[in-house]
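The structure appears below as structure tokens.
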Amino acid sequence: MVASTLDDLVRRMNALTGEARIDLAKLESEITARDREVDNPSTGDQQTLAIRAARRYLGDRLIRVARPHHLLDRSAGPLIAVRLRILTRKTLGGLQTDLSGRVLGADGSPVPGLYAAGEVAGFGGGGMHGYRSLEGTFLGGCLFSGRTAGRAVAAALS
């Protein structure tokens, strides 16, 4: 959704949902606070600091077309809103398991008949590929823990 003013953008976004989910005054306050951080040379805002650091890299200075600016600056172009549909893509663990993939209860004993594999089994945030694993490196852990849990289930059933 594109609009030239924040008022128009908020009105149109709320019309899209049929509810007044976005409060113009609160949104304008947040944007104003963000713009103050852009102007503040000694900001502690991590996102602003990261943008400044990236802008010092020659490649970014050459190819980026939008310089940091105030969001409500009309000369910077229209305001654009994007509707997001939030979903969880990763849990990086959560269920505690033993080495056979059996899910452990609060008391540390296995929950009868419950097994877990993959990221939900807890290997993701510091397992075989390390704490700072890259995208795509979890496949090996998923396959390995799935095989291990599958073998344990087969052994339990036989």
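The values are calculated or read from the model by the stated rules, or taken from the named source; none is laboratory data. Everything numeric here is computed off the predicted structure, so don't read it as measured data. All Cβ positions, glycine included, derive from the backbone under ideal geometry; neighbour counts span all protein chains shown.
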For a quick check of your reading of the model, give me the residue pairs whose first member lies in the stretch 1-29 and is part of a loop (DSSP other than H, G, I, E, B), whose second is basic (K, R), with beta-carbon atoms closer than 8 Å and at least 6 apart or on different chains. M1/R12; M1/R83; S4/R74
Taking the stretch 37-54 as the region of interest, how many residues are in a helix (DSSP H, G or I) and either loosely packed, with under 13 Cβ neighbours inside 10 Å or outside the structural domain of R74 (by TED's automatic domain parsing) (or both)? 7
Checking T88 against (1) at pLDDT 90 or above; (2) not in a helix (DSSP H, G or I), which test does it fail? (1)
